[in-house]
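To start, the structure under review is shown below, and the notes come after it.
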Amino acid sequence: MSQSIASFFPFIALFAIFYFLIIRPQQKAQKEHKAMLESLKKGDTIVTNGGLIVEVVKAEEEFLKIKLSENTIAKLDRAYVAKKID
């Protein structure tokens with residue numbers, strides 16, 4: 001019985017290493033990104049996944065209205081927001 005437990009110990013240790021080095025940090029980053037998306041409001045400056053730096057004009061439920069230039073307003077899906085610039 002103790003030999004079977006001892007033979008599983010390397011697998012348990014390997015899983016623990018993967019969890020603390022890979023899985024947990026990814027989950028934390030996803031939570032932070034989701035919170036950032038939910039907190040976006042008018043006047044925030046964001047970077048899109050395409051690399052554009054734009055200003056939020058209006059935050060809607062699924063989309064953001066963004067200002068590309070003085071006269072150009074576009075709709076952007078929230079999924080394409082990379083980060084918020086402070």
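The values are calculated or read from the model by the stated rules, or taken from the named source; none is laboratory data. Model, not experiment: these values are computed from the prediction. Note: ideal-geometry Cβ built from the backbone for every residue, glycine included; neighbour counts use all protein chains shown.
Candidates in the stretch 23-55 are the residues that are among the β-branched types (V, I, T) and assigned by TED's automatic domain parsing to the domain that holds K65; of these, the one that is nearest to A74 (Cα to Cα) is V54. Entry remark, the stretch 43-78: residues being in contact with a Phe, Trp or Tyr (Cβ under 7 Å, 6 or more places away or on another chain) and either hydrophobic (A, V, I, L, M, F, W, C) or farther than 18 Å from H33 by Cα (or both) number 2 in total.
This table checks each residue for (1) at pLDDT below 95; (2) surrounded by 11 or more Cβ atoms within 10 Å (Cβ to Cβ).
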| position | (1), (2) |
| --- | --- |
| A6 | yes, no |
| Q26 | no, no |
| E32 | no, no |
| I46 | no, yes |
| G51 | no, no |
| K58 | no, yes |
| K67 | no, yes |
| A74 | no, yes |
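Among the residues of the stretch 31-86, those identified as hydroxyl-bearing (S, T, Y) and under 17 Å from the mean Cα position of the chain (by Cα) are S39, T45, T48, Y80.
Among the residues of the stretch 26-46, are any out of contact with any strand residue (DSSP E or B) (no Cβ under 7 Å at 6 or more places or on another chain) and more than 30 Å from I66 (Cβ to Cβ)? Reasoning before the result, please.
Of the residues in the stretch 26-46, the ones out of contact with any strand residue (DSSP E or B) (no Cβ under 7 Å at 6 or more places or on another chain) are 26-35, 38-39.
Pick out the ones that are also more than 30 Å from I66 (Cβ to Cβ) and you get none.
No, the conditions are met nowhere in the stretch 26-46.
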